[in-house]
Structures are given as structure tokens and as C-alpha cells.
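A short write-up of the structure that comes next.
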Amino acid sequence: MTELRASKISLVLADVDGTLVTEDKVLTQRAGAAVKALKTAGIAFAITSGRPPRGMAMLIDPLGLRTPVAAFNGGVFVTPDMSVIEERVLPADVARRAVETISGNRMDVWIYSGRDWLVRDPQAPHVAREQWTVKFAPTVVGDFAAVMASAVKIVGVSDDHDLVARCEQEVQAALGAAVSAARSQPYYLDVTHPDANKGAVVAMLSKLLSIPDAEIATIGDMPNDVLMFQKSGLSIAMGNASPQVQAQADLVTTSNSDEGFASAMERFILDRPSVVSRATL
């Protein structure tokens, strides 16, 4: 067991799905109480997700959020009243190539543009659940030509998790530094502007809130959370994260079905000794 020397924490940045909420997309009473306790302790709290801004709005009042909200993995930053602070759009030719690569792998494609979520097949896998999660319906289109110049996030969707992982590598190899490609769920491949990733979210919040990176703690469960782990002073992986993701974090908590977020806040942030061990709750 190695030791991790904890620094002062002034901000906690949390992923949403698989981290802050349960598998049923519920914010538990204990999780809400943990966020309230952070604020009482003088520690700011922020959220980031692959969700669109509208898909995160239902968390703002229950959590009493006052910090910028990083939607689309940092593709759009909004204030708690949904005013846009900054938006990072993919160039049209890059968006077109990303769609071609994903479609070439026989995966479904979604595009988020402005306030709209566009799909070609409303009966395709995960559309209904995504609609329930984000609380608004997609716009069904025959093709994506009209939004290629305004795409903030392109999503490849498949229940073949190995295919999603392979497509992630293919998109990154084909488009290189022109995109950020990472899985936000085993069945979702998110393609965004290269500066729209969770590592860049840490840097942006550090700038906007005047908090050093070293004083930011991050918590998440998926490969796209690793970039924010690498940029923050303290990183926590969920118990439901893969072994590969857990290996990239300083600490590991329990799963999101076992109050892992609240447990991490209580033990690693709110009741943190000056020196803690790399451990699992």
C-alpha cells in the first residue's frame, strides 16, 4: 500500500452518470447531504458530464449549484441559469469524417447541436433511456447535413462494447489532434472538440474560479474521466469503474449503487487526514 499526500481541496468536480447518481439516475439523499456538507466546509462543488446542458438542469436546484456547469464533457460551459459561457464546436469537415467513421463501423450516430439532440432512428438502442435521462426528446432527421457546422458532440452508440472500444481508437487515429474521442459509457463513444474533454474542464474551472489545479479533487468512473484525474490534485475512482480506470486514480470508493460518491466525500474530502493511504472503502 502506497501513501498519497493530500493537498488542500477547494473544489470537488464530479462526473454525473455512474458517479453522482445511481444506475436509476437518482440523486440520493446522502449524496445531496454530502454536497451540502462540502459547501458548509467552504469547498465548492461542480459537475461535468457528456450530457447536454438541458440534461443536467434537473440537478442544479437539488444541489444548489453556483459554479459553472460543464456539459458535453466540456464542449459547453453554462451558468446555473443555462446562459452559455463558452461553446466548443467541431469544424464541419472533422464532424463529417467522425460521422463517416462511426457509421462505417455500423454504429448508430447521434449529434448534439445547440439545444438539439438529433438522431436518425428513434427506435435505436439507448434512445428511449437517454430521453428519460436527459428529460427531453430527440429531433429525428433523415441526415445530419444541416448541423455538420454546428456539432458540439457526436456520439457513436452500440451494445457491442468491444466495437465501441475499437471505434474509439479508429476515430482517434483517423482524426488525431482534431478531436477528443472517449467512451462516456461502455456503449457510448463521445467525439468532441479537442479542448472539450474532462482534463480541459479542470483547467477551465481552475481559471474561472481562481482555484489551483492542485486544490481540485475529481471523481468519476469511465475512461473519459481519466483525463480529469491526471489534471487534478486528488482523484477518486468509483467502485463500479473498470480496473483500468481505478488504476489511474489516487483513491477508490464504493460503487454508485452503494453510495460511493457520498462515501468518498465523507471519508476522503470532509474527514481527510493530512496523509491518507491509497485504499478502497
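What number goes with the only condition from (1) assigned to a loop (DSSP other than H, G, I, E, B); (2) within 21 Å of GLY199 (Cα to Cα); (3) more than 16 Å from the chain's Cα centre (by Cα) that GLY50 does not pass?
Single failed check for GLY50: (3).
Checking THR40 against (1) in contact with a helix residue (DSSP H, G or I) (Cβ under 7 Å, 6 or more places away or on another chain); (2) at pLDDT 95 or above; (3) under 25 Å from PRO212 (Cα atoms); (4) surrounded by fewer than 16 Cβ atoms within 10 Å (Cβ to Cβ), which test does it fail?
(1)
What tally of residues in region 138-157 results from selecting those that are open to solvent by less than 20 Å² (accessible area, probe 1.4 Å) and either of a type in the set (Gly, Ala, Ser) or under 20 Å from SER49 (Cβ atoms) (or both)?
7
So GLU170 ticks every box in (1) within 19 Å of ASN224 (Cα to Cα); (2) surrounded by fewer than 20 Cβ atoms within 10 Å (Cβ to Cβ); (3) in contact with a Lys or Arg (Cβ under 8 Å, 6 or more places away or on another chain); (4) touching a residue at least 60 places away in the same chain (Cβ under 8 Å) but one. Which box is left unticked?
(3)
With the structure loaded, tell me whether VAL157 is in contact (Cβ under 8 Å) with a residue 60 or more places away in the chain, of a type in the set (Val, Ile, Thr) and in contact with an Asp or Glu (Cβ under 7 Å, 6 or more places away or on another chain) or whether it fails that test. Working first, answer last.
Values: in contact (Cβ under 8 Å) with a residue 60 or more places away in the chain: no; of a type in the set (Val, Ile, Thr): yes; in contact with an Asp or Glu (Cβ under 7 Å, 6 or more places away or on another chain): yes.
Criteria not met by VAL157.
Sort out which residues of region 107-122 are in contact (Cβ under 8 Å) with a residue 40 or more places away in the chain and either assigned to a helix (DSSP H, G or I) or open to solvent by 70 Å² or more (accessible area, probe 1.4 Å) (or both), and write them in order of number.
ARG115
Surrounded by 19 or more Cβ atoms within 10 Å (Cβ to Cβ), in contact (Cβ under 8 Å) with a residue 24 or more places away in the chain and not acidic (Asp, Glu): which single residue out of PRO62, PRO91, PRO53, PRO125 fits that description?
When all the criteria are applied, what remains is PRO53.
In region 179-226, what residues are surrounded by 19 or more Cβ atoms within 10 Å (Cβ to Cβ), touching a Pro at 6+ places or on another chain (Cβ under 7 Å) and either over 27 Å from SER255 (Cβ atoms) or without any contact (Cβ under 8 Å) to a residue 12 or more places away in the chain (or both)?
Within region 179-226, VAL179, SER206 meet the criteria.
Looking at VAL275, VAL171, which one is at pLDDT below 95 and over 26 Å from PRO68 (Cα atoms)?
Among VAL275, VAL171, only VAL275 is at pLDDT below 95 and over 26 Å from PRO68 (Cα atoms).
The values are calculated or read from the model by the stated rules, or taken from the named source; none is laboratory data. What you see is a predicted model, and the numbers here were worked out from it, not measured in a lab. No Cβ is skipped: glycine too gets one built from the backbone with ideal geometry, and neighbour counts run over all protein chains shown. Just so you know, the surface numbers come from the protein's heavy atoms only, side chains and all, with ligands and any DNA or RNA stripped out. Shrake-Rupley method; radii C 1.70, N 1.55, O 1.52, S 1.80 Å.
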